[in-house]
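First the structure, in the form of structure tokens, and then the observations on it.
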Amino acid sequence: MIGQVLQLARRSVIRTIRQPANWITPLIFPLALMAVNTGGLHAATSLPGFPTDSFLAFFIAFPFIQGALFATVNAGVDLARDIQTGFLNRLALTPMQSPALLIGHLGGVIVMGFVQAAWYLAVALVIGVRLESGVAGALVLFLLAVLIVLAFGSFGALAALRTGSTEAVHSLFPVFFVFLFISSMNLPRNLIETDWFRTAASLNPVSYLIEAIRSLVITGWNWEALGLGFSIAIVMSIVGLTLSSLALRTRMART
Amino acid sequence: METAIEVRGLVREFKGGIRAVAGIDLDVASGEIYGFLGPNGAGKSTTVHMLTTLLPPTAGSARVGGYDIVREGPAVRRTIGAALQEAALDPLLTGREHLKLQLSLHGIRRDARETRTKELLERVGLRNAADRKIGGYSGGMKRRLDLALALAHRPRILFLDEPTTGLDPQSRSALWDEVVRLKRDEGVTVFLTTQYLEEADVLADRVGIIDHGRIVAEGTTTALKAEIGRPTVEALPAEDTDAAELEAALAPFGELQPSTKGVAVRLDGHGDLADVVRALDSGSIHVADLHLHAPTLDDVFLAKTGRSLEGSEEPE
């Protein structure tokens, strides 16, 4: 099965490379949005209790999450397209084991997530962001970023497998985006003054993913933030993968 | 002779109680080309999906290559190759990449993959286009690659679901040649669905005609036509000839048939073409053209279902 997974992951990566919009957008757009937000919200650093004097360092977690959203939606769309075109049937006619399809597909997503994480981190270091957790923190950051891509990717795959529709997967993007914006993306939760927003951000798992990444950059080793971030990413991955596996079983009704 | 495909009472119902396949029985001998003929929506593709393990049957049973399609799906998949109705290819991959992926999923070793890929590209005439993305392939090239993919792991049984639909005559002829070669040189059993009468006539050793999910006729094309047995004479009246007069002259020879051009009669044994000519001559009835049509598979379909296969379209 390993060979099958590697071949399918390879195909997923090749597909991504040959669709420049699928990798240029996640590499550029989140950083562009970060630049805009940083310019506009820099004054937030003067708020009492703001955890750092660099808004850039505070905000660097954003591209990691937004990039994961892009990778997820693109991957989900690719899988849905395979269903629509009948390519999934072609694969189903081979002795390929069903889990290999899902793992191989998500393997490609993870490779993309890894490349994105490396790019965001490199840009952050070049523009002067200092990683308080050091080199070990960078490795943990990579691990967390990849785990987040896997978690989101599994939900992208789930949407593709359940609906078999590229349009339906595309429609996920704004939903994920809402989660991203109603989070502690722009301000620490304790500094959000609007009650409902603070409550929503506290209930939103994306806040904890952002805070885990952020802690490695601006705090160093915040075990609580890391524990929450990793736990949420792992739980999301398990739930997403389980549901996707069930959806795959239904979708590939082969005997 | 060994049976390659054995089907008994196969049924497939979809939501809403729609019976796409309503209990079919058929046997395909090893090394045979079996033509599965029917209009769109007759149940051809649903049958192929069941026999290739992509769709579980609602009832009935089938064995392909000796393996039960429900209980031994993986074994069936190792035995068969299939080119389904839509040549489902990835527009972003090249022909060579498709073949390598297919071969690796079939567990072919890396060194053997290289050799087999070259061999298949050569066979389907895609050597020069091997490293081009599929997005730039013509319909014929896609079909040829589709066939190469189906043959990648040297299957004993090949399912071709409307393989020539949409192809130009040259590509269609090339694909027919390859199917014949596979049977002749490699003894591959071919289950071929088609809505083209000519294709079934040219390729198939035996034909099964399916309509509304049921097999309405089965046998060799010669036997099926002989069963109908009666040729049709079609006369195109000359300008000054009354069609009613022509009908009256032809009616004694058999049953009048619908004809878009003139008057047609299916001969029932009360005379042959020569007798028809004599009757027209003695009645001084002038005709612009006179044809004798030997029975076709369409006549067989018409006789069995009351409808013509050509132009009979229902969404599947």
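The values are calculated or read from the model by the stated rules, or taken from the named source; none is laboratory data. Note that the structure is predicted; figures quoted are calculated from it, not measured. Note: ideal-geometry Cβ built from the backbone for every residue, glycine included; neighbour counts use all protein chains shown.
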*Do you know which of the residues in the stretch B:84-123 that are surrounded by fewer than 18 Cβ atoms within 10 Å (Cβ to Cβ) and among the small types (Gly, Ala, Ser) is nearest to B:Pro163 (Cα to Cα)?*
B:Gly107
_Residue satisfying condition, being in contact (Cβ under 8 Å) with a residue 40 or more places away in the chain and more than 12 Å from the chain's Cα centre (by Cα), within set A:Ala68, A:Ala124, A:Ala117_ = A:Ala124
*Report, by residue number, each residue of the stretch B:88-122 that is at pLDDT below 90 and in a helix (DSSP H, G or I).*
B:Arg110, B:Asp111
*Give the stretch B:145-176 a look and list any residue that's within 25 Å of B:Thr53 (Cβ to Cβ) and in a helix (DSSP H, G or I), or say none.*
B:Leu145, B:Asp146, B:Leu147, B:Ala148, B:Leu149, B:Ala150, B:Leu151, B:Leu175
*asked:* Among the residues of the stretch B:187-203, what is the count of those that are surrounded by fewer than 23 Cβ atoms within 10 Å (Cβ to Cβ) and at pLDDT 90 or above?
replied: 2
*With B:Val11, B:Val7 as the choices, which residue is in contact with an Asp or Glu (Cβ under 7 Å, 6 or more places away or on another chain) and away from every other protein chain (no Cβ under 14 Å)?*
B:Val7
*Within the stretch B:124-144, work out how many residues are buried (at least 19 other Cβ atoms within 10 Å of the Cβ), within 13 Å of chain A (Cβ to nearest Cβ) and in a loop (DSSP other than H, G, I, E, B).*
0
*Residues being among the β-branched types (Val, Ile, Thr) and more than 9 Å from chain A (Cβ to nearest Cβ): count how many of those fall in the stretch B:59-82.*
2
*Considering the stretch B:83-123 alone, what residues qualify as being of a type in the set (Asp, Glu) and more than 9 Å from every other protein chain (Cβ to nearest Cβ)?*
B:Asp111, B:Glu114, B:Glu119, B:Glu122
*asked:* Condition first: under 24 Å from A:Asp78 (Cβ atoms) and touching a Ser or Thr at 6+ places or on another chain (Cβ under 7 Å). Can you find one or more residues in the stretch B:56-76 that meet it?
replied: no
*Here is a list of conditions, (1) in contact with a Pro (Cβ under 9 Å, 6 or more places away or on another chain); (2) loosely packed, with under 14 Cβ neighbours inside 10 Å; (3) under 16 Å from A:Leu180 (Cβ atoms), and A:Gly49 meets all of them except one; can you say which number that is?*
(3)
*Restricting attention to the stretch B:217-240, which residues are of a type in the set (D, E, K, R) and outside any helix (DSSP H, G or I)?*
B:Glu218, B:Arg230, B:Glu234, B:Glu239, B:Asp240
*For the stretch B:195-216, what are the residues that are assigned to a loop (DSSP other than H, G, I, E, B) and under 9 Å from the mean Cα position of the chain (by Cα)?*
B:Gln195, B:Tyr196, B:Ala204
*Evaluate the stretch B:218-228: report whether one residue or more is of a type in the set (A, V, I, L, M), surrounded by fewer than 18 Cβ atoms within 10 Å (Cβ to Cβ), under 30 Å from B:Val11 (Cβ atoms) and at pLDDT 80 or above.*
yes
*Mind checking which pairs have a first residue in the stretch A:9-20 that is more than 8 Å from chain B (Cβ to nearest Cβ) and more than 11 Å from A:Asn74 (Cα to Cα) and a second that is small (Gly, Ala, Ser) and in a helix (DSSP H, G or I), Cβ under 6 Å, 6 or more apart or different chains?*
A:Ala9/A:Gly104; A:Ala9/A:Gly107; A:Ala9/A:Gly108; A:Val13/A:Gly108
_Enumeration of residues in the stretch A:96-112 that are crowded, with 18+ Cβ neighbours inside 10 Å, more than 17 Å from A:Phe155 (Cβ to Cβ) and more than 7 Å from chain B (Cβ to nearest Cβ)_ = A:Ala100, A:Gly104, A:Val111
_Tell me whether the stretch A:25-38 contains one or more residues that are buried (at least 17 other Cβ atoms within 10 Å of the Cβ), of a type in the set (A, V, I, L, M) and within 14 Å of chain B (Cβ to nearest Cβ)._
no
